[in-house]
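For reference, the structure is listed below as structure tokens.
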Amino acid sequence: LFRSPRPHPPTGAFVSCRSGRAMKLALACWCLLVGVLADPAPGAEQEFEVPEPKEDLAGGALDAAKEGRESGLVDEWDKHMEGFVPELLLTFPLAARSDEFFYEDIPEGSPPTLIRGGFFASASEETSSVEFSITDPKGNVVFKKEDQAEGLFHFITKKSGTYTFIVSNHRWMQEKMVTFAVGKGNQTHLQPQHLTTMEDHVKAIDKTLVDIQSESTYLWIRQKSHMKAVESIHTRVLSFCVVEFLILIGVSGFQVYYIKGLLSDRRVL
């Protein structure tokens, strides 16, 4: 017994078979690649998601902070600077790395004086910060603000002498324009409520006339009630007098009649 060998296919058929398998494998890889690109993993998008920029949030926070500072400045002005009249109002350039000094003298023996004012700094048509401080005659710092573009100050002097106002620009290359105002005392300017208009005078006269009319009416009603009471008393007194007179006449007539009867009775005599 012997086993016959398996017939070998032709060389061309073998090559075509291998080519078909390669094409199927390539098609399967292409379908898999297309599916992966069309439907990426959900975790990949979350993992590689680019965060949104926060410039809007930062800008809104800066705007809110700026509005808060402005409202605080307005509230401080309404509270402490009502009727402020500056004795010195000056706008001057402040060079880089320089200081500017202003002096206010308080005479010896003068009572405590209110000093108040404000400052504003700008550079190239934009606000820019400066350093502002106030020292008393002994060099002690009374008021100080650092890295501020504007501010208000108010204090009461406790010592006589020279008070120094210092405006400093610590920038190396930037020149600034500073506006400075200061005044002493609590002098207020003329306001509408300080004036009395013709309408106010007319209202005052009208109120006075109404008061006089009301008082006259009350007094007349009171006097009338008193007169009625007096008339009532007079009527009662008159009635009592008439009754008393009639009684007196009756008693007198009875006495005359009785005595006459006694005198005309002969038996008694």
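The values are calculated or read from the model by the stated rules, or taken from the named source; none is laboratory data. Note that the coordinates shown come from a computational prediction; the quantities given were computed from them, not determined experimentally. All Cβ positions, glycine included, derive from the backbone under ideal geometry; neighbour counts span all protein chains shown. Side chains are part of the model used for accessible areas, which takes the heavy atoms of the whole protein and leaves out ligands, DNA and RNA. Shrake-Rupley method; radii C 1.70, N 1.55, O 1.52, S 1.80 Å.
Structure above, values below:
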quantity: Residue pairs meeting the criteria (Cβ under 8 Å; at least 6 apart or on separate chains; first under 14 Å from Y103 (Cα atoms), in the stretch 128-152; second open to solvent by 60 Å² or more (accessible area, probe 1.4 Å) and of a type in the set (D, E, K, R)); calculated: F132/K144; S133/K144; I134/K144; D136/K158; D136/K159; P137/K159; K138/K159
quantity: Considering residues of the stretch 122-140 that are modelled with pLDDT of 90 or more and not polar (S, T, N, Q) only, the residue nearest to W172 (Cα to Cα); calculated: V130
quantity: Boolean, T196 is among the polar types (S, T, N, Q) and not in a loop (DSSP other than H, G, I, E, B); calculated: no
quantity: Residues that are farther than 12 Å from I166 by Cα and surrounded by 11 or more Cβ atoms within 10 Å (Cβ to Cβ), drawn from the stretch 131-150; calculated: P137, Q148, A149, E150
quantity: Any chance P51 is at pLDDT 85 or above and either out of contact with any Ser or Thr (no Cβ under 8 Å at 6 or more places or on another chain) or over 29 Å from W172 (Cα atoms) (or both); calculated: no
quantity: Top-ranked residue of the stretch 178-219 - restricted to ones that are among the hydrophobic types (A, V, I, L, M, F, W, C) and modelled with pLDDT under 90, ranked as most open to solvent (accessible area, probe 1.4 Å); calculated: M198
quantity: Residue within the stretch 80-94 that is without any contact (Cβ under 8 Å) to a residue 40 or more places away in the chain and either of a type in the set (F, W, Y) or outside any loop (DSSP other than H, G, I, E, B) (or both) present; calculated: no
